[in-house]
């Protein structure tokens, strides 16, 4: 990166994409190389899902954390790609679980090739990642990623249980977000540190950094489900609500609205038949009670905590880029 | 085992279960300890599927192979239980993929708790197994099991592709069986050898032994789908056929029957609407062309190969037990 941009030139996420373009091109190359299977269906389904966008935030974090800890990102590119495999596997299963038809503005794999293909290619990507990770013969990396995968599935199951209940506490909700989303982001950051041979305290600091990023990302995402510009992210407005998913804005609303409003909202969620006018009314209530601002404020707290996690590390391009990625978690709609 | 039975007393599978009862009780104990999760749904679904039978062939093989190579089976019990987790995860996903309502004579998890729970608890068991296996910090074990898991999902995907086609070759079919079923059995045997610190050639011999067992098991199972006493195994007769699954008896029939019969059978499979009389007619054709005898003969060949794989090992209780398990693969209905 010696001939690349300086810290002063790195201001926005676009600058980060630009500064690390070579590494990210390598990530794409690795992903498409690792997909290859004897089963044509895998190549087609996985090829389609990897070509349909996705910002490769997790590979980028592995690369940046490796660079932050002073190493070149050769293994970071390969391991980042495998973490993207794990992430993609969860998306394929999520789409089946949520009966989702759209992701990133395109038809989901389950919509095009059916639930069977979506489940199986998810299983394949996951097992392919685990096999290639095992081949690195690094116990710390094995353990961090195996732990993250376990946590992710626990989070999914907890969420399934919670959605069947009428009341969820904020603590339960935050635990689900941590398990489902944040642990894999945290693991990506820690893997970057492990590759670079960083100290245990550096590994732990970057794990916490990733955890905070993951929490911020999900809380911001939950809020976007109720924002009018949601369509920009390729999902329909109010999708979480229609699926009965208890997210932070909804939990906040249910806590602060009147008993009468609570009964109406709860009954609407249970009905699983929410009209556009109902959605507009709920969003109006959320604005009235400050539920969307509350979710955003909580997301911002996690970003601030993430900035603190970076403090012990030496200033430079990688640290600056990581700080920009942290801010980007809550400003993806801008 | 010093006060236990002698080689002369070991004649049937019942004797084997009896001789290794203590080890198998420990396996059950480990399985139920490892299930435990904070999510009640996991405990209920996994608890039910592990309580609903299952012969624990894979844990038994780990234990016997460890003993065959001269070690006590402490780690074999734990790792055998985790391999049973992986196997059970595939059953939970298979039931969703096959839309199966019955397994081992009982309602499937997806029937009782829904597809979501079945997919997620499968994901959980798999990731829980991988996390606990990683904690052993043994690269050979990691690699053997990660490779087996990858192969299993590749086999599932290959099968999905093949079922969409009107013609499958026997070679393709045998590859699917090897990937889907035999590699995990082979991995179980090899893990037993690794735990005992066996030589590479011993590890490879027991891997081949397990591969042969797995092939024999599946071919015998495919044949049972067309046998009148199939109900004893808790699945309805002709289930594979109704799902359009191309198994060895059907492939043999399609190869040797007349063109007219072939058109009739192919059209029936595509229709996915097979009446009992159709099934009876197909079974009669299979008897006429020797398709069921052929599948059994192929299964028996694998058992014979498995016996050869055992030859280099010292005689004794474990070797005798493994030989009985090999025979049991094709005589489970007796």
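The numbers here are math on the coordinates, done by the rules we state, and not lab data. This structure is a prediction, so every number in the text was calculated from the model and none was measured. All Cβ positions, glycine included, derive from the backbone under ideal geometry; neighbour counts span all protein chains shown.
For this structure, a couple of remarks:
- For the range B:300-332 and the range A:242-260, distance of Cα centres in Å: 61 Å
- Per residue of A:41-50, other chain Cβ atoms within 10 Å of the residue Cβ number 1 on average.
- Computed Rg/Rh of chain B, alpha carbon atoms with Kirkwood Rh: 0.97
- Taking the longest Cα principal axis of chain B as reference, the axis of helix B:317-328 is set at about 10 degrees.
- With 10 Å bins from 0: P(r) over the range A:74-142, alpha-carbon pairs, percent: 21, 44, 24, 11
- Distances in nm from residue A:256 to the matching label points in the other copies, shortest first (labels 7 Å along Cα to Cβ): 7.7
- Across the copies of the chain, residue A:327 has label points (7 Å from Cα along Cα→Cβ) spaced 7.6 nm apart, shortest distance listed first.
- Volume in Å³ per residue [convex hull over Cα atoms, computed for the protein assembly as shown]: 161 Å³
- For residue B:55 and residue A:6, a Förster radius of 56 Å and the Cβ-Cβ distance give a FRET efficiency of 0.30, rounded to the nearest 0.05.
- Extending 7 Å from the Cα toward the beta-carbon at both residue B:36 and residue A:243 defines two label points whose distance is 3.2 nm.
- Once the C-beta distance of residue B:143 and residue A:327 is scaled by a Förster radius of 41 Å, the resulting FRET efficiency is 0.55 to the nearest 0.05.
- Where a label projected 7 Å from the Cα of residue A:288 along Cα→Cβ would reach, residues of the range A:233-267 with amide N under 14 Å: A:253-266
- Evaluating kT/(6 pi eta Rh) at 37 °C and 0.692 mPa s, with the Kirkwood radius of the range B:59-186 over Cα pairs in the Stokes-Einstein relation, gives 206 µm² s⁻¹.
- The angle between the Cα long axis of helix A:115-134 and the longest principal axis of the Cα atoms of chain A comes to about 30 degrees, rounded to the nearest 10.
- Annotation for residue B:102 and residue A:106: the two label points, set 7 Å from Cα along the Cα-Cβ direction, are 4.3 nm apart.
- Sorted peptide list for A:57-69, B:191-203, criterion being average Cβ within 10 angstrom, highest first: A:57-69, B:191-203
- Report note on the peptides A:103-112, B:127-136: ranked by the mean count of other C-beta atoms within 10 Å, highest first, their order is B:127-136, A:103-112.
- Using C-alpha pairs below 8 Å separated by at least 6 residues, the relative contact order for the range B:180-226 is 49 percent.
- Legend: mean number of C-beta atoms from other chains within 10 angstrom of residue C-beta atoms, peptide B:88-97, equals 2.
- Inter-part distance where the range B:195-213 and the range A:17-42 are each reduced to a Cα centre, Å: 36 Å
- For chain B, the 222 nm mean residue ellipticity estimated from helices alone, with every DSSP H stretch of n ≥ 4 adding -39500 (n - 2.57) and the total spread over all residues, rounds to -23000 deg cm²/dmol.
- Helix B:183-195 vs. chain B, principal-axis angle (Cα, 0 to 90°, nearest 10): 10 degrees
- For the range A:152-276, the alpha-carbon radius of gyration amounts to 1.25 times the rule-of-thumb value 2.2 N^0.38 Å expected for a compact globular protein.
- Cα-based equivalent ellipsoid of the range B:111-193: semi-axis lengths in Å, sorted from largest, via gyration tensor: 26, 21, 9
- Distance from the Cα centroid of the range B:106-127 to that of the range A:82-146 is 17 Å (rounded to whole angstrom).
- Partner chain coverage, peptide B:130-138 - average Cβ within 10 angstrom: 6
- Order by protection proxy (mean Cβ within 10 Å, highest first), peptides B:184-190, A:75-81: B:184-190, A:75-81
- Label positions at residue B:266 and residue B:170, each projected 7 Å from the Cα along the C-beta direction, are separated by 2.0 nm.
- Fewest-first ranking of A:180, A:74, using other Cβ atoms within 10 Å as the exposure measure: A:74, A:180
- Under the criterion of Cα pairs below 8 Å and six or more residues apart, the relative contact order for chain A equals 20 percent.
- By the count of neighbouring beta-carbon atoms within 10 Å, fewest first, A:125, B:10 end up ordered B:10, A:125.
- Residues residue B:135 and residue A:204, FRET efficiency given R0 of 22 Å [Cβ-Cβ distance, rounded to 0.05]: 0.70
- Label 7 Å beyond Cα on the Cβ vector: residue B:197 copy-to-copy distances, nm: 3.2
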